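This report refers to the structure that appears directly beneath it.
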Amino acid sequence: GERGGAPGVVFDRVDAAGTGNITAPQLQSALAVGNLDFPLSVVQQMIRMYDFDRNGTMSFQEFLALNKFLQKVQGVFSTLERGRGFLSLEDVYEALIKLGFSLDSPAFYTVCESFDKSKKGMVRLDEFISICIFVQSARNLYSSFDTTKQGKVTLDFNQFVYCTANCRI
Ligand SMILES: [Ca+2]
């Protein structure tokens, strides 16, 4: 392809028709090439996070932005997994702080509970990425309501439903 680097190769491979945009199932295959298997719902959330032009698919530029986020998350995971292939809940807490997310206990444990499928406190890379996608989406949405940047928002019921539906994975 004409796009340079590993992300370009991956993008061109899934965008075999050369449309310049990849869909959620295509993105899912692209991530599977890198041994990351995600449910379509998580992949759709990734697209929502980086679909800057809101057309429902990923351009190469949007894909690069997602890729940068995933690299950062994978880097933090690698630093903390210490050859075990998973993070303990304490590690996840530390990892989220390294990524700029400082959650209190109720928020942190509720998030972990909903993504730790085995319920053994062993969070694998795909689960950790899902947690990060969720927390980042929640932050983006929160920021869009927190227009005065005071760290507080007031939501009516419809806005609350809108928020939860947008962050649900
Ligand atoms: Ca797009």
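Just so it is clear, none of the values below were taken in a lab; they were calculated from the coordinates. This structure is a prediction, so every number in the text was calculated from the model and none was measured. Quick reminder, even Gly has a Cβ in these numbers, built from the backbone with ideal geometry, and neighbours come from all protein chains shown.
For the chain, a crude dipole built from +1 on the beta carbon of Lys and Arg and -1 on the beta carbon of Asp and Glu, taken about the Cα centre, is about 160 debye to the nearest 20. What the Cβ-Cβ distance of Arg84 and Tyr109 gives, at R0 = 35 Å and to the nearest 0.05, is a FRET efficiency of 0.95. Here the 3J(HN,Hα) profile of the range 94-100, calculated from phi with Karplus coefficients 6.51, -1.76 and 1.60 at θ = phi - 60°, is 5, 4, 5, 5, 4, 8, x Hz, Gly and Pro shown as x. Phi angles of the range 34-50 translate, via the Karplus equation with coefficients 6.51, -1.76, 1.60 and θ = phi - 60°, into HN-Hα couplings of x, 6, 10, 9, 10, x, 4, 4, 5, 5, 5, 5, 4, 5, 4, 5, 10 Hz per residue; Gly and Pro are given as x. Note on the range 1-79: along the principal axes its Cα atoms extend 37, 25, 20 Å, ordered by decreasing extent.
Near Lys72, which lysines are there with a Cα under 20 Å away, not counting those fewer than 8 places off in the same chain? Answer for Lys72, where 20 Å is the Cα cut-off: Lys98, listed by chain and number. Note on the chain: dipole from Cβ charges, positive end direction compared against Ile169, Ile129, Gln44; the farthest Cα belongs to Ile129.
Count Lys and Arg as plus one, Asp and Glu as minus one, and take only other residues whose Cβ is under 14 Å from that of Ser88; the net charge is then -1.
Here the Karplus curve 6.51 cos²θ - 1.76 cosθ + 1.60, taken at θ = phi - 60°, turns the phi angles of the range 151-161 into couplings of x, 9, 10, 10, 10, 8, 4, 4, 5, 5, 4 Hz, with x standing for Gly and Pro. All Cα-Cα distances of the range 1-143, cut into 5 Å bins from zero to the largest, leave 2, 9, 20, 22, 19, 14, 9, 4, 1, 0 percent in each bin in turn.
Eigenvalues of the alpha-carbon gyration tensor of the range 73-137, scaled by 5 and square-rooted, set the equivalent ellipsoid semi-axes at 16, 14, 11 angstrom, largest first. Using a cutoff of 8 angstrom between alpha carbon atoms and counting only pairs six or more residues apart, the relative contact order for the chain works out to 18 percent.
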